[in-house]
Amino acid sequence: MDTMAAIKQTFFQECEEQLAELESGLLTIEREEGDAETINAVFRAVHSIKGGAGAFGLDELVRFAHTFETTLDGMRSGKVETAPQIVRLMLRAADTLADLVRVSRDGGTVDAARVSQIGDELAQAGGAQPAPAAPVFEPIAMSGDQQTDDFGFAPVMISFDDLVGGTQADGGQNGFAISFKPKPELYAKANDAIRLLRELRRMGEAKIRCDFSEIPLLSELDPEGAYLSWHVRLSTSGGDAAVREVFEFVEFDCDLSIEAQGLGGTDASLAVEALLVEAGIKESAPAPAEIPALAPVPRQTSATPPQLAAVAPPTASQGAPAQGAQQPSATIRVDLDRVDRLIDLVGELVINQSMLAQRVMEAGIARLSDVAVGLDDLEHLTREIQDSVMAIRAQPVRPIFQRMSRVVREVADMTGKSVRLITDGENCEVDKTVIERLADPLTHMIRNAVDHGLEKPDDRVKAGKPEQGVVRMTAAHRSGRVVIEVADDGAGINRARVRDIAVRKELIDADAQLSDAEIDDLIFAPGFSTASTISDVSGRGVGMDVVRRSIQALGGRITISSRPGQGTTFTLSLPLTLAVLDGMVVTVAGQTLVVPLTAIVETLQPKAADIHSLGEKARVVAIRGSFIPLIDIGSELGYRDSEADPLQSVAVLVETENQSQSALLVDGIIGQQQVVIKSLETNYGQVFGVAAATILGDGRVAVILDIDAVVAGTGRDHANRKRNAA
Amino acid sequence: MHVNEQDLATNSELIAFRLGEQEFCVDIMSVRDIRGWTPTTPLPHSSDYVKGVINLRGAVLPVVDLSARLGFSSTEPTARHVIIITQVGAQTIGLLVDAVSDILTISKASIQATPNVASELARSFTKGLIAIEGRMISLIALDNILASADETSAAIH
């Protein structure tokens with residue numbers, strides 16, 4: 001990959017992060033929990049995307065980001081209200097921005113009409129909004145070049161600069177003396193002084209003088225040091241904020257002083273004070289109260305800074321709170337392949353360790369000998385290394401939850417419903433692969449919840465519910481798995497209708513006796529779709545059966561519970577990782593198999609009196625009064641021809657994802673252990689009844705049972721037999 | 001078969017092995033490893049030519065009984081049998097053979113087309129024949145040695 005492409009890729013990665021930041025910020029504002037810093041963060045996100053896009057010549061992206069940014073800027077300065085409809089518009093704009101980023105990265109097209117429409121709406125929102133949030137400013141702000149500034153880049157703040165601009169608007173030119181001394185960090189972050197200077201020159205007439213005086217002798221020169229500084233006298237129509245914005249990305253990496261000049265008697269302290277005022281306004285709401293006193297006498301501000309400083313404590317550094325809000329925890333970007341390689345190696349280590357342990361035991365070394373104790377320590381350590389390595393791949397589910405809020409918005413728009421998405425537990429961490437492969441099923445479930453789950457607003461009102469429907473998405477860790485729930489407060493599943501459809505589609509017999517849970521479960525049946533017409537939203541040719549299958553492919557389960565009039569809840573239970581699994585090692589017909597521990601309820605020794613034949617071949621075992629199908633794993637998997645004798649076997653009671661129980665007959669139980677999951681699909685393919693493979697302590701491969709498939713398989717066989725008989 | 005001029009000029013190295021009385025070979029570039037027989041773990045519902053899976057340095061890979069795959073009798077493996085680990089596309093597959101006999105260097109021009117006498121199945125896996133020192137060696141095409149998983153499961157269900 002050439003360097004440019006690599007940089008571009010990094011840019012797109014960062015875009016993803018910025019977009020996530022943008023969306024979460026907007027959602028915070030929507031919930032009315034945001035403060036000035038939230039708006040700043042949102043603004044910064046869009047601004048960064050714009051900046052990067054500019055560097056890569058992604059004009060369309062730049063254009064849209066610019067419009068967006070301008071409106072956000074209005075919001076930041078209080079000119080644009082954070083009214084719900086504005087925030088909603090911004091969320092839509094964020095979606096569009098995400099689309100544009102995606103198109104820039106992957107190619108394809110965006111709906112140009114939509115982009116320009118949202119662009120127009122944004123511009124309108126930015127321009128047509130009065131400034132009720134900051135009435136104090138109004139008389140002052142009106143005085144200067146306010147009107148042109150609305151669409152312009154310049155007024156980050158309307159406070160002081162506009163005052164300054166206003167008082168000397170006659171010439172339309174502001175003078176600045178800028179002294180700029182980059183620190184080495186500036187260059188280390190791939191910024192370049194020359195670009196900033198060029199930017200300044202573009203703003204107006206600039207006299208730039210470079211100060212070489214600090215360059216040391218060659219022998220003392222640090223090749224990565226920064227020795228040059230520049231002094232610029234700039235005459236521009238822009239305000240202080242516009243000048244400052246040039247340095248926005250480097251302000252912590254350089255010594256910067258920007259002094260307004262040509263104001264007559266202005267000195268350096270004024271510039272500093274301007275900064276303080278600015279920061280005060282920006283950071284704290286009470287600050288405006290100080291402004292009127294300040295406003296008419298901008299040239300005598302020397303008296304006000306102490307007061308302002310008291311009002312707005314974070315003034316010491318304008319950027320400090322901004323940094324705090326971004327929380328750039330120390331992270332590094334690592335190629336995923338490297339992490340996976342590490343995980344593979346640790347998997348090997350675990351296998352090797354257990355092989356070693358087995359050999360030592362076989363060699364007859366005493367349990368309490370030094371060797372055995374050392375091995376125990378090694379096992380402990382290996383586990384810990386494994387957990388730590390797995391944690392590298394673990395990521396919070398937040399990004400995917402955020403993506404769902406967009407889905408909710410879109411579907412709500414399309415169906416004319418008003419929906420609120422409440423999310424909880426976004427910080428729950430799951431393996432990256434699980435997260436990635438969760439996106440499609442979750443999208444589908446959310447679509448379903450909004451489209452089918454929630455009633456139309458009228459119906460909701462009739463049913464005595466608030467017009468706005470609620471979809472609640474939560475994630476939580478529960479006994480070594482992550483459980484994700486998608487719940488709506490809609491009408492619940494119309495069981496009579498589900499039943500009718502199932503009968504019509506010949507999924508069940510017309511006279512079948514089904515429990516409520518069984519009826520609910522029908523919506524997972526292949527070919528089942530409750531919508532009478534295939535709607536634009538949910539009906540894309542896939543149904544909940546696809547969702548169930550993709551969840552199962554992840555080693556997860558999906559269940560449904562529904563209460564009429566109160567809503568439907570889908571519960572996903574997923575493994576935290578796809579790399580290891582706690583299993584019970586069993587023997588069947590001379591083969592060693594692993595049964596996932598999560599599926600096992602208990603193990604028992606069946607008694608003759610408890611075993612009953614049902615029909616031609618099927619057998620059930622009575623456990624505490626309920627009859628549970630008995631499945632002989634050996635014959636089910638084709639390891640032996642004759643059915644095992646239940647009395648000579650151990651029954652492993654398992655529960656499938658739809659909560660039905662089955663008893664699996666195995667010959668014996670070896671023990672319980674954590675096994676490393678190895679894909680069979682890489683070199684072979686999917687095998688019915690087998691979830692994956694693993695390598696045991698003796699170096700041999702053992703297959704991991706796919707409980708649901710085995711149980712469903714026997715069920716299907718029975719159904720087939722029934723159909724054939726009919 | 002189609003071979004272009006450039007290919008004809010180049011030599012290729014082949015690994016020759018025996019299945020019963022017959023000799024076969026595969027391109028050495030697709031061979032990753034040669035190891036003695038280790039017991040395999042049988043897979044449920046697999047075709048009869050799939051002996052099962054083995055652990056090769058942490059990877060789980062299938063072992064194909066080549067004799068059975070070509071339509072000959074299936075092999076009862078002993079410690080003297082050999083597994084040739086080959087790379088077929090993205091997959092790593094072990095081939096169970098009786099013994100490895102030779103490493104050959106031949107020019108591609110000396111590969112003859114398979115005559116029409118062999119069985120359909122055997123012919124579908126034979127890229128061509130090589131005559132060397134009075135022996136006849138069939139060059140095996142590995143591409144379809146493992147029927148795709150879909151086919152396999154389709155055959156079962």
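Odds and ends about this structure:
- For the residues A:VAL373, A:VAL360, A:VAL350, the requirement of being touching a residue at least 24 places away in the same chain (Cβ under 8 Å) and at negative phi singles out A:VAL350.
- Annotation note: of B:ALA122, B:ALA109, the sole residue that is open to solvent by less than 30 Å² (accessible area, probe 1.4 Å), modelled with pLDDT under 90 and small (Gly, Ala, Ser) is B:ALA122.
- A:ALA609 within 37 Å of the chain's Cα centre (by Cα), open to solvent by 50 Å² or more (accessible area, probe 1.4 Å) and not aromatic (Phe, Trp, Tyr): no
So that you can scan it fast, the table gives a plain yes or no per residue for (1) in contact (Cβ under 8 Å) with a residue 12 or more places away in the chain; (2) closer than 12 Å to B:LEU146 by Cα:
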{"site": "B:ARG57", "(1), (2)": "no, no"}
{"site": "B:LEU61", "(1), (2)": "yes, yes"}
{"site": "B:ASP65", "(1), (2)": "yes, yes"}
{"site": "B:GLY71", "(1), (2)": "yes, no"}
{"site": "B:THR75", "(1), (2)": "yes, no"}
{"site": "B:ALA79", "(1), (2)": "yes, no"}
{"site": "B:ASP98", "(1), (2)": "yes, no"}
{"site": "B:ILE111", "(1), (2)": "yes, no"}
{"site": "B:PRO115", "(1), (2)": "yes, no"}
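- Residue tally, condition modelled with pLDDT of 90 or more and open to solvent by less than 30 Å² (accessible area, probe 1.4 Å), over the range A:592-606: 3
- Tally, over the range B:38-58, of residues that are farther than 17 Å from A:ALA589 by Cα, at the interface with chain A (Cβ under 7 Å from one of its Cβ atoms) and open to solvent by 10 Å² or more (accessible area, probe 1.4 Å): 1
- When the range B:82-94 is filtered for residues that are assigned to a strand (DSSP E or B) and either farther than 12 Å from B:ILE54 by Cβ or of a type in the set (Gly, Ala, Ser) (or both), the ones remaining, listed by number, are B:VAL82, B:ILE84, B:THR86, B:GLN87, B:VAL88, B:GLN91, B:GLY94.
- The single residue among A:GLY51, A:GLY126, A:GLY108, A:GLY119 that is open to solvent by less than 30 Å² (accessible area, probe 1.4 Å), out of contact with any Gly (no Cβ under 6 Å at 6 or more places or on another chain) and among the small types (Gly, Ala, Ser) turns out to be A:GLY119.
- Residue match in the range A:624-632 (condition: surrounded by 22 or more Cβ atoms within 10 Å (Cβ to Cβ), acidic (Asp, Glu) and within 14 Å of chain B (Cβ to nearest Cβ)): yes
- Residues that are under 23 Å from B:THR92 (Cβ atoms), open to solvent by 40 Å² or more (accessible area, probe 1.4 Å) and modelled with pLDDT of 85 or more are absent from the range A:664-676.
- Candidates in the range A:468-487 are the residues that are charged (D, E, K, R) and surrounded by 12 or more Cβ atoms within 10 Å (Cβ to Cβ); of these, the one that is farthest from the chain's Cα centre (by Cα) is A:ARG481.
- Residue satisfying condition, being of a type in the set (Lys, Arg) and more than 24 Å from A:LEU196 (Cα to Cα), within set A:ARG102, A:ARG63: A:ARG102
- Each residue in the range A:547-568 was checked for being under 10 Å from A:GLY492 (Cβ atoms) and open to solvent by less than 30 Å² (accessible area, probe 1.4 Å), and 3 of them qualify.
- Odd one out for B:VAL63, checked against (1) within 11 Å of another protein chain (Cβ to nearest Cβ); (2) open to solvent by 40 Å² or more (accessible area, probe 1.4 Å): (2)
- If the condition is being under 21 Å from A:SER550 (Cβ atoms) and within 12 Å of another protein chain (Cβ to nearest Cβ), then the range A:643-677 contributes only A:ILE677.
- Residues that are part of a loop (DSSP other than H, G, I, E, B) and touching a strand residue (DSSP E or B) at 6+ places or on another chain (Cβ under 9 Å), drawn from the range A:228-254: A:LEU228, A:SER237, A:GLY238, A:GLY239, A:PHE247, A:VAL250, A:ASP253
- Matching residues in the range B:41-77 - criterion: being farther than 17 Å from A:VAL594 by Cβ, part of a loop (DSSP other than H, G, I, E, B) and in contact with a Pro (Cβ under 9 Å, 6 or more places away or on another chain): B:SER46, B:PRO77
- Of residues in the range A:678-714 being facing chain B (nearest Cβ under 7 Å), assigned to a loop (DSSP other than H, G, I, E, B) and in contact (Cβ under 8 Å) with a residue 24 or more places away in the chain, the one surrounded by the most Cβ atoms within 10 Å (Cβ to Cβ): A:GLY689
- Test result for A:LYS8, basic (Lys, Arg) and closer than 14 Å to A:LEU122 by Cβ: no
- When we screen A:VAL246, A:VAL272 for residues that are of a type in the set (A, V, I, L, M, F, W, C) and at pLDDT 80 or above, the only hit is A:VAL246.
- Condition met for A:VAL434 (surrounded by 18 or more Cβ atoms within 10 Å (Cβ to Cβ) and among the β-branched types (Val, Ile, Thr)): yes
- All positions within the range A:351-374 that are under 18 Å from A:GLN673 (Cβ atoms) and surrounded by fewer than 18 Cβ atoms within 10 Å (Cβ to Cβ): A:ASN352, A:MET355, A:LEU356, A:ALA357, A:GLN358, A:ARG359, A:VAL360, A:MET361, A:GLU362, A:ARG367, A:ALA372
- Unique match (being over 29 Å from the mean Cα position of the chain (by Cα), outside the structural domain of A:GLU30 (by TED's automatic domain parsing) and within 27 Å of A:GLU23 (Cβ to Cβ)) among A:PRO441, A:PRO457: A:PRO457
- Residue match in the range A:652-673 (condition: free of Cβ contacts under 8 Å to residues at least 24 places away in the same chain and β-branched (Val, Ile, Thr)): no
The values are calculated or read from the model by the stated rules, or taken from the named source; none is laboratory data. Nothing here was measured: the structure is a model prediction, and the numbers come from that model. Note that each Cβ is placed from the backbone with ideal geometry, even for glycine, and that neighbours are counted across all protein chains shown. These area figures cover heavy atoms from the full protein model, side chains too; ligands, DNA and RNA do not enter into them. Shrake-Rupley method; radii C 1.70, N 1.55, O 1.52, S 1.80 Å.
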